[in-house]
1. Pick from S61, S89: which is open to solvent by 20 Å² or more (accessible area, probe 1.4 Å), of a type in the set (G, A, S) and more than 23 Å from I151 (Cα to Cα)?
2. Quick check: anything in region 21-33 assigned to a loop (DSSP other than H, G, I, E, B), within 15 Å of L181 (Cα to Cα) and open to solvent by less than 80 Å² (accessible area, probe 1.4 Å)?
3. Given the structure, is I105 modelled with pLDDT of 90 or more, surrounded by fewer than 18 Cβ atoms within 10 Å (Cβ to Cβ) and β-branched (V, I, T)?
4. Which condition number does L185 fail, the rest of (1) part of a helix (DSSP H, G or I); (2) in contact with a Phe, Trp or Tyr (Cβ under 6 Å, 6 or more places away or on another chain) being met?
5. Among P63, P51, which is touching a strand residue (DSSP E or B) at 6+ places or on another chain (Cβ under 8 Å) and at pLDDT 90 or above?
6. With the requirement that a residue be within 18 Å of N170 (Cβ to Cβ), of a type in the set (F, W, Y) and in contact (Cβ under 8 Å) with a residue 40 or more places away in the chain, what does region 18-57 give you?
7. Checking the conditions here, which among A135, A126 is open to solvent by 20 Å² or more (accessible area, probe 1.4 Å) and modelled with pLDDT of 90 or more?
Amino acid sequence: MIRKNLILAGIILALLLLFVATLYYPGGSQSNPISVGYNWGNNYLSNLFSPKAVNGADNLSRPWAVAGMLFLSASFGWFFIKFSVNMPSKRSAAIVKYCGAGALIAAFLAVTPLHDPMMPIASTLALVAVFYITAFLFKSKLHFLKLLSVICLLLFYACVYIYFTRTDLNILPVMQKLSLLVDILWVLSLEYFAGKPALIRDLKTGRVIRSF
């Protein structure tokens, strides 16, 4: 039972730890460097990981946030490794497995001083893994998951575009959190609704007998 729900448990624990981290964040954001506390509309998640808050105070949220990111990365990484066995070929399975796991390792390292070099690595690897799974789903009749995959990719692309072009940075904190919630919904939907042995077998053979 625990093993079956390991990904869900890890994500819940990660979100709880990240929420606690926001309660300990001293203050300061991109819109107001001297503000007090964490502002969900103006603070990035990465603000929780810095040794110093934007307002210059010691960042008491960091230990909680790092622990939360560790569980989140481990949960997502395990999902990609676990889901890769459902892919129709060894090549696509290897791409999902190693790109997905590699992306989450890089994402966790992004909470360290390696944040800037790790972000393009994590983004590229994650996009490749998600794209391969999306292409796989489009061969099925899992219409909700197909739509969710497209939304997931569009939000991911939008966040990456804003981050690297520095365009409309004022909306990135909200976009970042929205993208994370959609990512979590996508992962859990695939974990519980697209991993049925009979369905996967029919996907691999091109014969789909179920709809979502």
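The values are calculated or read from the model by the stated rules, or taken from the named source; none is laboratory data. None of the values given here were measured: they were computed from a predicted structure. Every residue, glycine among them, receives a Cβ derived from its backbone with ideal geometry; neighbour counts consider all protein chains shown. Protein only, heavy atoms only, side chains kept; ligands, DNA and RNA dropped before computing areas. Shrake-Rupley method; radii C 1.70, N 1.55, O 1.52, S 1.80 Å.
1. S89
2. Checked against the condition, which is being assigned to a loop (DSSP other than H, G, I, E, B), within 15 Å of L181 (Cα to Cα) and open to solvent by less than 80 Å² (accessible area, probe 1.4 Å), region 21-33 yields no hits at all.
3. Yes.
4. The number of the failed condition is (2).
5. Matching residue, one of P63, P51: P51.
6. Listed by number, the residues that qualify are W40, Y44.
7. On inspection, the qualifying residue turns out to be A135.
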